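Coordinate-derived values only; no laboratory data. Remember, predicted model here, so these are calculated numbers, not experimental data. In this analysis, Cβ positions are derived from the backbone assuming ideal geometry, glycine residues included, and neighbour counts consider all displayed protein chains.
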Amino acid sequence: MSVQNKDSLSLDQVPIRRALISVYDKHGLDILARALTARGVKLFSTGGTEKYLRGLGAPVTSISELTHSSEIFDGRLKTLHPMVHGGLLFRRDVPSHLEEAAANGILPIDLLVVNLYPFEETVKKPGASEAEIIEQIDIGGPAMLRSAAKNFAAVALLTDPNQYKDFIDKMDGTDGATDLKLRKKLAQEGFELVARYDRAIANYFLGQAKQDSTRLDISLPLIQSLRYGENPHQQAALYGNDFNKICTQLWGKELSYNNILDTSAALGLIAEFLPSSFSPHPSSFPKVAAIIKHTNPCGVSEGASALDAFERAFTTDPESPFGGIIIINTTIDAPLAERLNQFFSEVILAPRYDDDALAILKRKKDRRLLTFAPNHLIDTLSNMNEVRTVVGGVLFQTTDAEVVTNSEFISVTSHSVTDEMRCGLLFAMKIVKHLKSNAIAFCAFENNFARTVAVGAGQTSRVESTRIAIEHARRHGLSLEGSFVASDAFYPFADSMIEAANAGAKAVIQPGGSVRDAEVIQAAEECGIALVMTGMRHFRH
């Protein structure tokens, strides 16, 4: 080890002679421990990590031998000690620090391997008690992490098993030493981890107190740089771990910015039709196919098979599937794969693919094939928040995860609401929830399966969305007779109601809450259609 100059914080190559390892996540630790011991590095460790390393046969020294103190308070206090933090913090290029370290018997620690208790995972765990959650607030880990990161001039820091392989490879190329550029990068990643961890804890307490945070801090890892954004002249990147945990790409080109936006919209919609959100009995759960274009669902249907569900969805809008997103809530088999090969779609998503189906779909090289993990999708959506940029700031809100059920149904006309109507209206409301406002969805029942017939979205008036949906159905030869209509927000006037009734609708579901509700109800009575109000708006601006 050589000093660049007496005032510099930056040292040249620093050999690793002592390492302190204290981790909750022990993935890859066997490989790292072998690599370090092969280079003669002395290992110090704590509690469960020490026991794990001994089980591997790695020569390891207890932290108690370094601190000359036993762990106390059920392990709450073990590393908060001058021998630990002194070994991490003292500057190797300052003579007075070297003298004080020697006088106090403090040995330098050249490498810290630490990751933190799973606080966020425990918060998400169903039924976790407050006592369990509080015990997962790591104290010693973040403290050591900060000490090592602050002294990156001399100390290397590993906080994630995914770092181990590259770290070992770099040590191989430097005869067991670390360079300043690497240590500084690892320190930056360490400080980011502490920031995220502390923010998660603060958010938990804010949630418990039902208070609004005075700050919004966002720190997400880069997943991939994208070729460009919505347009070729815009730069773009994807951040955040969960997207790649939910989706796995099996085939095709790299996802684009717009592909990811549409895929996210498709996942949000299909989550309405997954067993965990609908029925505890997956075998009796209907197969559902959806076609997404520019984040809007343009065709959604239940079916007896994956192919049947897709065909019913396709008939809603046979033009839009070209270049769109196809998502299915069940396995894609060979018959459906052959059908999907008859036109080009940007992305296809399903929980699983039959081997034959995968081989068929791979005939088109430009198409992206993805699987998604239903349980992880549901868990992510239930804990997700939405952030949108505005000029000079950002808007924050919780995700619209509410689902209308029969208990919210309030029939406000004299016309009876049959069981078939209830099922059709519930289906229609799940669709309209994912359309851009002002949103209208006409749906129907065919052979006991619900499907979209026509949708209208993104217009400056609700009546215009209604007219677009009606014209769409007429153009494609689809009957709206006996259809069920959902509106994402209240009808401000009776005109949309009258247009829907004249087109053949027999039941309408809407939130209500307009000052003209009485006029709308009266229009429904006169038109002979059943009107249901829910009190729950699903406006999607």
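Quick look at the values:
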{"quantity": "Alpha-carbon centroid distance for the pair the range 350-416 / the range 96-149, whole angstrom", "calculated": "37"}
{"quantity": "Pairs from 51/165; 150/184; 124/433; 125/430 whose Cα-Cα separation, in the structure shown, is over 18 Å", "calculated": "51/165; 124/433; 125/430"}
{"quantity": "Where trypsin sites (Lys or Arg not before Pro) in DSSP loops with at most 14 other Cβ within 10 Å are excluded, longest remaining stretch of the chain", "calculated": "366-515"}
{"quantity": "Loop GluC sites (Glu not before Pro), the range 443-483, which have at most 15 other Cβ atoms in a 10 Å radius of their Cβ (DSSP)", "calculated": "481"}
{"quantity": "Prolate/oblate/rounded label for the range 102-169 (Cα gyration tensor, a/c 1.5)", "calculated": "oblate"}
{"quantity": "The range 238-382: C-alpha gyration tensor shape, a/c 1.5 cut-off, then a/b vs b/c", "calculated": "rounded"}
{"quantity": "Loop GluC sites (Glu not before Pro), the range 154-252 (other Cβ atoms within 10 Å of the site Cβ: 16 or fewer; DSSP)", "calculated": "230"}
{"quantity": "Relative contact order %, the range 326-475, counting alpha carbon pairs below 8 Å whose residues are six or more apart", "calculated": "12"}
{"quantity": "Loop-resident sites, the range 342-412, for GluC sites (Glu not before Pro), counting at most 16 other Cβ within 10 Å (DSSP)", "calculated": "402"}
{"quantity": "Entry for Rg/Rh (Cα atoms, Kirkwood Rh) (calculated from the structure that is shown) out of (1) 1.03; (2) 1.01; (3) 1.09", "calculated": "(3)"}
{"quantity": "Relative contact order for the range 14-209, counting Cα pairs under 8 Å that sit 6 or more residues apart, in percent", "calculated": "24"}
